[in-house]
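The values are calculated or read from the model by the stated rules, or taken from the named source; none is laboratory data. As the structure is a prediction and not an experimental result, all values here were calculated from the model. Reconstructed Cβ throughout: ideal geometry from the backbone, glycine too, with neighbour counts over all protein chains shown. Surface areas here come from the heavy atoms of the whole protein model, side chains and all, with no ligands, DNA or RNA. Shrake-Rupley method; radii C 1.70, N 1.55, O 1.52, S 1.80 Å.
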Amino acid sequence: MKQFFILLVFCIGAFVVHGQSRRIDTTLKIGKVGYRITCSNRNPEKNDATINPIGFENQAREFSIEIKGRIKKAEIDDLNNDGFPDVVLYVFSGDSLQKGTVIGISSDKNQSVNPIILPDVLDDQKLREGYRGFDDFNLMEGTLMRRYPLYLTDSLGAHPTGKMRQVLYRVVPGERNMLKFKVIRSYEYTKQ
C-alpha cells in the first residue's frame, strides 16, 4: 500500500509539473492597460494563441494567431516609446535545439494592435555564424535582448565554443507602417 501511495504521489506530481510547463494563461498590464494571453501549448509544432487587449477602446477585440512552437514566456513594455504598452511572446521550437523567436504586438494608441516583426537570425550573415539555437530572451527598458551559445561546426557535428552572443534589438518603423525589431548591437563574450 505504501508503494502504491508513493507511486500515486509521483504520478500526480509529474502530471502537475508537466501540465504547468505547457499551458500559458497570463495577464500583463501597465497601469490599467495590457493583454491577456492564453495558449494550450499542446503541440510542439503548432498552437493557437489568443490575445485579449485589456483597457483598450472598443475597436480592439480579442484575436488569435497561429504560432509554430510553444510559448515559453511573455513580457510587456513600451517598445516603441509612444507611451502605450506592447507585448512580446517568446516562442520556441519543439525540437531539442530550442530555437527561439519573438512575436511582438504593439498598441496603436490603445485603439488597435499591430505586429512587430523580428527578423530571422539565420538571415543575418554575422548573427547566424555559430548559431545552433538555445536562445534566451529578455526585455530591459524597451530593448529586446537575445542571448545564445556559439558553436563550431566541422564534419563530425557542432561543438560548443564556450562563448555566447548577445544581440540587442530596438523597435523601429518598417515598410508599410509596420514595426520591426532592428539589431542595434551584438557582441560575443566568454561564458563563465
**Request:** Give, as ranges by residue number, the residues of the stretch 20-48 whose backbone N falls under 12 Å from the point 7 Å along Cα→Cβ of Glu66.
**Result:** 46-48
**Request:** Give me the accessible area per residue for the chain, probe 1.4 Å, as a whole number in Å².
**Result:** 63 Å²
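For Thr190 and Asp82, FRET efficiency with R0 = 30 Å and r from the beta-carbon atoms, rounded to 0.05?
Working: r = 38 Å, r/R0 = 1.26.
Efficiency computed from Cβ-Cβ geometry: 0.20.
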**Asked** Along the charge dipole of the chain, which of Tyr131, Met178, Ile103 sits closest to the positive end, that is, farthest toward it, with unit charges on the beta carbon of Lys, Arg, Asp and Glu (+1, +1, -1, -1)?
**Response** Tyr131
**Item:** Within the stretch 58-159: Cβ-based charge dipole about Cα centre, in debye rounded to nearest 20 (Lys, Arg +1; Asp, Glu -1)
**Value:** 300 debye
**Item:** Within straight-line cross-link reach of Lys163, lysines at Cα separation under 27 Å, skipping those fewer than 8 residues along the same chain
**Value:** Lys72, Lys73, Lys99, Lys126, Lys182, Lys191
**Request:** Using only the alpha carbon atoms of the stretch 90-130, find the Kirkwood hydrodynamic radius as the inverse mean reciprocal pair distance, in angstroms to one decimal.
**Result:** 12.3 Å
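Mean separation of Cα pairs under 8 Å and 6+ residues apart, divided by the residue count of the chain: what relative contact order is that in percent? Walk me through the numbers on the way to the answer.
Details: 414 pairs, mean separation 23.8, N = 192.
It comes to 12 percent, rounded to a whole number.
Ranked by accessible surface with a 1.4 Å probe, highest first, in what order do Arg42, Arg185, Arg22 come? Kindly include the intermediate steps, with their values, before the conclusion.
Working: Arg42 170, Arg185 135, Arg22 70 Å².
Ranked from most to least accessible, the order is Arg42, Arg185, Arg22.
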**Under 18 Å from the Cα of Lys109 - aspartates and glutamates, other chains or at least 8 residues apart** = Glu57, Glu62, Asp77, Asp78, Asp82, Asp86
**Debye, to nearest 20: dipole size of the chain, +1 on Lys, Arg Cβ, -1 on Asp, Glu Cβ** = 480 debye
**Request:** Obtain the nm distance between the two label points defined at His159 and Met140 by a simple spin-label model: each point lies 7 Å from its Cα along the Cα-to-C-beta direction.
**Result:** 3.2 nm
**Complete:** So the compactness index of the chain, its C-alpha Rg divided by 2.2 N^0.38 Å, takes the value 1.19
**Request:** Tally up the carbon and sulfur contribution to the accessible surface of the stretch 36-192 as a whole percent, 1.4 Å probe, everything protein left in place.
**Result:** 46 percent
**Request:** Choose one of Thr153, Asn58, Leu168: the residue whose Cα lies farthest towards the positive end of the charge dipole of the chain (beta-carbon charges +1 Lys, Arg; -1 Asp, Glu; about the Cα centre).
**Result:** Thr153
**Asked** Can you give the net charge of the other residues whose Cβ lies under 15 Å from the Cβ of Tyr189, counting K and R as +1 and D and E as -1?
**Response** +4
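Provide the percentage of antiparallel DSSP beta bridges, counting only those with both residues in the chain; round to the nearest 5.
On the way: 63 of 65 bridges.
Within the chain, antiparallel bridges account for around 95 percent of the total.
Using a Förster radius of 35 Å, what is the FRET efficiency between Met178 and Arg23 based on their Cβ-Cβ separation? Nearest 0.05, please.
Numbers: r = 30 Å, r/R0 = 0.87.
Efficiency computed from Cβ-Cβ geometry: 0.70.
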